[in-house]
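The values are calculated or read from the model by the stated rules, or taken from the named source; none is laboratory data. Here the structure is a predicted model, which means the values were calculated and not measured. Cβ atoms come from the backbone with ideal geometry, glycine included; neighbour counts cover every protein chain shown. For accessibility, only protein heavy atoms count, side chains too; no ligands or nucleic acids. Shrake-Rupley method; radii C 1.70, N 1.55, O 1.52, S 1.80 Å.
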Amino acid sequence: MFHLLPYIEPDFSALTAMPDAVLAPAPADHAAPDNYHSTSIYPEYFKVDGQWHLAAESRMDCVAVWEDGRVHIREFRHLRKGDLVFTGRSEDGSEGIYVYTLGFRDERTANGDLFVFRQGRSRETAFSRDYDFLYELLKHERDHGHIVWVLGPAVAFDSDSRDAFSRLVKGGYVHALLAGNALATHDLEGAYLRTALGQDIYTQISQPLGHYNHLDTINRVRRHGSIPAFIREEGINNGIIHACVEKDVPFVLGGSIRDDGPLPEVYGNVYEAQDAMRNQVRRATTVICMATTLHSIAVGNMTPSFRQLPNGTIRQVYFYSVDISEFAVNKLGDRGSLSARSIVTNAQDFVVNVAKGLGV
């Protein structure tokens, strides 16, 4: 039976001699003082007036601000002149800042051997155990967590994976969806014209003038004014986005410089998209990224390794990166998302297997 790993708090008795952290005012809007402390994915504690305080909503590459008796984490662009920013580059408590990496320990971290084989994740790795664990995790998270999926358009190119992900949404295994214009466009194209980028979503046979199909779909949605209106007025009854609208699952579509159209709901302002994505990620307890390198890195940077629940309990955040490319899944680790679990496989097959494993 699945159970969350308990959080093992730091031994604060060993840190009693450490000094309070040094606070310095932000010199201007959107700028931090010299020697600011940059946050990570791990639990971080800041000492103020002799007490250690956890930054409850930490995330990578931000700064910590002391306000109203709490540690707040902010992007540089959200800083305001005079904000009291924590300074110091040491992470061992010697400057009143303690970055804690050992809160969650399992059999993978318990072995103290320094030299072991096959610790990387590659096409040679067997992922059977990963799937079994993921099924149990998702069953737990459906009722007790917040599952955020990050999808690339490849998931919408195949009728079976579109149908499988739709069943995951309807089964309660998707609490939020983060994607770009392409995923939504090709999924709606599949429902509207039964093609994705002009190819039949089952046979992959290119259709006559099929290169117009995604543009025709975008144009039709824009004429209706919104995705829900398009789904309603055109009688759309299948697909990923249809399932999200039907089940009231929020989706955030972050735009890019190369978007066609785009769809009305796509964020054209990258920072508005980032804020909207963070609003979903700050609730996430499990994140699964599939077949989208840049979105995966973006979400990885937003996602800490832990979450403090409303009752004060600290629990682990599970993060999966799924891609057919070893380069793509390893990129997250290279970018600092060291808690990401990688599965090297075809994204369409992954979705179908997960849906089957969950019985939806």
For K170, list the lysines whose Cα falls under 19 Å from its own Cα; do not include residues on the same chain fewer than 8 positions away.
K139, K247, K356
Of the residues N279, Y98, A31, the Cα lying farthest along the dipole of the chain towards its positive end, which is defined by charges on the beta carbon of Lys, Arg, Asp and Glu, belongs to N279
Less than 20 Å from a label point 7 Å out along the Cα-to-Cβ axis of I324: which backbone N atoms in the stretch 204-237 qualify, by residue?
204-207
Evaluate the distance, in nm, between pseudo-label points positioned 7 Å from the Cα of L209 and of H3 along their respective Cα→Cβ axes.
6.3
For the chain, the Rg and Dmax computed from alpha carbons only, in angstrom
22.2, 74
Mean separation of Cα contacts under 8 Å, 6 or more apart, over the residue count of the stretch 220-306: relative contact order %:
21
Reach of K47 by Cα under 13 Å, taken over aspartates and glutamates that are not fewer than 8 positions away in the same chain:
D20, E91, D92, E95
Counting only protein heavy atoms and a 1.4 Å probe, tell me what percentage of the chain's accessible area is made up of carbon and sulfur.
49
Length-normalised contact order of the stretch 150-251, Cα under 8 Å, at least 6 apart, in percent, tallies to 34
When the chain is fully extended, how far beyond the present Cα-Cα distance does T16 get from N219, taking 0.36 nm per residue of separation?
66.7 nm
How much length would be gained if the chain were fully extended between V360 and Y202, taking 0.36 nm per residue of separation minus their Cα-Cα distance, in nm to one decimal?
54.8 nm
For the Cα atoms of the chain, what angle does the longest principal axis make with the long axis of helix 293-302, in degrees from 0 to 90, nearest 10?
30
With only Lys, Arg, Asp and Glu charged, each at its Cβ (+1 for the first two, -1 for the last two), find how big the charge dipole of the chain is about the Cα centre; round to the nearest 20 debye.
460
Answer with one residue from A126, L138, V174: the one whose Cα lies farthest towards the positive end of the charge dipole of the stretch 122-225, charges on Cβ with Lys, Arg +1 and Asp, Glu -1.
V174
At R0 = 30 Å the Cβ-Cβ FRET efficiency linking A31 and N311, nearest 0.05, sits at 0.25
By a straight-distance test (C-alpha under 17 Å), which aspartates and glutamates pair with K331 as possible cross-link partners, with residues fewer than eight away in the same chain excluded?
D61, D323
